[in-house]
Amino acid sequence: MQVEALPSSVRSAVQSHRYGGRRIGLVPTMGALHVGHVSLMDAARRECDFVIVSIFVNPLQFGPNEDFECYPRTLERDLQKCENAGVDLVFTPATSQMYGSGAESIVSLTSLTRKLEGRHRPDHFDGVTTVVAKLFNITVPDKAYFGQKDYQQQLIIRRMVSDLDWGVEIVTCPIVREDDGLAMSSRNRHLSPADRASSQILFRALSLAQNLTQAGSESPDAIADRMQQLMAGVQGVEPDYAVVVDCDTLEPLVEQPERAVALIAARVGKTRLIDNQILRFR
Ligand code: PAF
């Protein structure tokens, strides 16, 4: 497995492997890899001939009071996981290699990035789209793999790819959960045992939404209310939002749709968690 820190070295490696229609797969990550990331690598390994994983804790997507400094960094263990998953190349740039002095350019979407997560984390998605655009330019992948756990993120990246005519196929892989339902996340390791117990409320709220949808009697708004009621008052949990919205636009629903997405964000102790569930009404 090749490990490269320089964008120019990654470009050369990609050029020398892109022959005879060989497909390049990219799995962008911020490291602290867990089983969810491994599922993305496995999908890339199945579908592509040359698999690249990027590991870069991107300062541009963290707000001033967010957890950039204490975001987990576990490079040695991450490299071992990549090796075990059969990854061909790991790209581990330093911040100075990604954002040279005097960098001014930002990739920014006008609307999707301003909703839900964007309201609570202003500028977060501009940081995500900018770094993902750079990673696409450096690696020129045929396919790029993202987790459904970051539902709004994968939607934004699909929009960006379509708007800017990138020839990369975005693959969204299913959420991988712990035994108790908690969605895998690099931030879960910050949860204390008490937080860990409280955090189950997110999956319970989404399961309630799914059950109510299947029962068929409640509107999307009523389901969102029930999720909010369930989460209200749970010790140590401060919900930011619990909504049922259109799968593509994230707008509120006026009519009963065929499909919708329930999205939740909450602070549990000091850790902010997000989760979601696709709902099928008919
Ligand atoms: O989902 C993440 O880990 C990050 O937002 C990403 C896509 C790697 C960009 O830094």
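The values are calculated or read from the model by the stated rules, or taken from the named source; none is laboratory data. Note that the structure is a prediction, hence the values are computed from the model and not measured. Note: ideal-geometry Cβ built from the backbone for every residue, glycine included; neighbour counts use all protein chains shown. To get the accessible areas, we keep the full protein, side chains included, count just its heavy atoms, and leave off ligands, DNA and RNA. Shrake-Rupley method; radii C 1.70, N 1.55, O 1.52, S 1.80 Å.
Checking each residue in segment 163-180 for being surrounded by 15 or more Cβ atoms within 10 Å (Cβ to Cβ), touching a residue at least 12 places away in the same chain (Cβ under 8 Å) and closer than 24 Å to residue 203 by Cα picks out 171, 172, 173, 175, 176, 177.
With respect to being in a loop (DSSP other than H, G, I, E, B), within 16 Å of the ligand (Cβ to nearest atom) and open to solvent by less than 20 Å² (accessible area, probe 1.4 Å), residue 87 fits the description. The set of residues in segment 36-72 being open to solvent by less than 30 Å² (accessible area, probe 1.4 Å), part of a loop (DSSP other than H, G, I, E, B) and either of a type in the set (S, T, N, Q) or within 13 Å of the ligand (Cβ to nearest atom) (or both) consists of 56, 57, 58, 62, 71, 72.
Scanning segment 1-35 for residues that are surrounded by 21 or more Cβ atoms within 10 Å (Cβ to Cβ), within 16 Å of the ligand (Cβ to nearest atom) and either over 23 Å from the mean Cα position of the chain (by Cα) or of a type outside the set (Ser, Thr, Tyr) (or both) yields a total of 7. In this entry, residue 188 passes the filter for residues that are in a helix (DSSP H, G or I) and touching an Asp or Glu at 6+ places or on another chain (Cβ under 8 Å). At least 2 residues being away from the ligand (no atom under 12 Å from the Cβ), touching a Gly at 6+ places or on another chain (Cβ under 6 Å) and under 18 Å from residue 243 (Cα atoms) is the threshold, and among the helices (runs of 4 or more DSSP H) wholly inside segment 110-179 not one reaches it.
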